[in-house]
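The structure appears below as structure tokens.
Any read-out appearing in this document is the output of simple, stated calculations on the displayed coordinates, not a laboratory observation. Fair warning: this is a prediction, and the values are worked out from it, not measured in the lab. In this analysis, Cβ positions are derived from the backbone assuming ideal geometry, glycine residues included, and neighbour counts consider all displayed protein chains.
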Amino acid sequence: MSVKSELLKLLEANRDKDLSGEQIAKRLNVTRAAVWKAVQALQNDGYDIAAKNKLGYRLSGSSDRLSAEGIGLYLEKKDMKVIVLPEVDSTNDELKRLAMGGSSGEESLREGCVVLSEHQTKGKGRRGRGFYSPEGSGIYMSILFCPDDKMASDVILVTTQAAVAVAHAVSKVCKKETDIKWVNDVFLNDKKICGILTEAVSDFESGGIELVIVGIGINVLRPKDIPDDIKEVMGYIYDENDEEKASRNEIAAAVINELQKYYEDLPDRSFIKEYKSRSNVIGKKIRFGTPGRIAGASGDDWREGTAVDIDDSGGLIVRLSDGSEEVLHTGEISLRLDE
Ligand code: BTN
């Protein structure tokens, strides 16, 4: 590990505390000049580190930059590989590239590897839409799973799990209660704070699923600009009235921890109970579209019904006007606001 990385780890673990150059040099087993060089490099990266002659160095408690070192402090599984990039097209695409490449002697990525970025230039949403990913205010992350054959039939549920993991993490760390709009959007006060896009890579030879990439985008702080077309729907965890804010590193780590736990429990579906209890659609009149029938520009293909329940595989049970029921496993719904 580089001096810069070791130093960042130490400073993240001692936010708002003064650490003398001598103390740090001793801990890292390097010279004070090397410490100073690493401090300058971190300051150049944008870290708010005060350097004072007598007191030494102090990372501001309000510093909120994503880093593998900062996330690592809160991770329950310490051996995970976490990669944080200042900018990327899409963390899902980057993780896919890393997972599929790495042949020429590079270490190949393992289950549980995570790629995060401060900013995505081509953040991807569901159904070919984009995902607005401005710098410094959100968490854009993708986590890799390599399901074995036994898990293949449950894999469809990782998206459901991810929504529950985010809701649980936000409750634990940010003390805010969110709800989930089927299938995988997390809402706070009727505004969307998180979207999830799961992509699978299949193995041509076996026809099975080789990799699953769960991409999670969370709006943590209000960004400077919000495009007009999402102003009405975009929410964020914290606004200007929140005095105590968890760092994005802590929130990201909490989501990873929760997701890992739920993934291990995938076969017993323990998360379905919480998914149901957080659902904001059960009992509501909805419009729905299923793949291939999703409304085009005309909107003619939308149908209407009442969401009555969620089954054990995360399917939404919808009652139609003739009393019959249909289970949706994928697709799109909108809540009818006219009733
Ligand atoms: C949606 O709401 O339509 C899904 C949005 C998913 C966004 C996340 S951000 C991290 C990961 N990388 C992407 O390009 N998309 C997902």
From phi via Karplus (6.51, -1.76, 1.60), per-residue ³J(HN,Hα) for segment 21-31 in Hz, x at Gly/Pro: x, 5, 4, 5, 4, 5, 4, 8, 6, 9, 7
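How big is the Rg/Rh ratio for segment 20-94, C-alpha atoms only, Rh by Kirkwood, two decimals? Spell out each step's value before the answer.
Details: Rg = 14.9 Å, Rh = 14.5 Å.
Rg/Rh for segment 20-94 comes to 1.03.
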On Cα atoms only, tilt of 3-13 relative to the major axis of the chain in degrees: 70
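Is there a quick way to get the dipole size of segment 5-52? I mean about its Cα centre, with the Cβ of Lys and Arg at +1 and of Asp and Glu at -1; what is the value in debye to the nearest 20?
On the way: 8 positive and 7 negative charges, 40 e Å.
My answer is approximately 200 debye.
State, as an integer percentage, the relative contact order of the chain based on alpha-carbon contacts under 8 Å between residues 6 or more apart. Don't jump to the answer; show the numbers that get you there.
Details: 627 pairs, mean separation 45.1, N = 339.
Contact order relative to length: 13 percent.
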Under the Karplus curve 6.51 cos²θ - 1.76 cosθ + 1.60, θ = phi - 60°, whole-Hz ³J(HN,Hα) for segment 74-80, x wherever Gly or Pro sits: 9, 6, 7, 9, 6, 8, 6
Debye, to nearest 20: dipole size of the chain, +1 on Lys, Arg Cβ, -1 on Asp, Glu Cβ: 1220
Tilt relative to the chain, helix 158-169 - C-alpha long axis, 0 to 90 degrees, to 10: 50
Helix axis angle, 91-100 relative to the chain longest principal axis, alpha carbon, degrees: 80
Under Karplus coefficients 6.51, -1.76 and 1.60, residue-wise ³J(HN,Hα) of segment 139-146 in Hz, glycine/proline x: 10, 10, 9, 10, 10, 9, 10, 10
Using a Förster distance of 56 Å, the FRET efficiency for residue 23-residue 321 (Cβ separation, nearest 0.05): 0.20
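Please work out the Cα convex hull volume for the chain and give it in Å³ per residue. Walk me through the numbers on the way to the answer.
Details: hull volume 54.6 nm³, N = 339.
Spelled out: Cα convex hull of the chain, divided by residues, is 161 Å³.
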Members of 231/276; 231/273; 122/192; 17/54; 96/191; 96/224 lying beyond 23 Å, as alpha-carbon distances in this model show: 231/276; 231/273; 96/191; 96/224
Shape call, segment 101-235: gyration tensor on alpha carbons, a/c limit 1.5: prolate
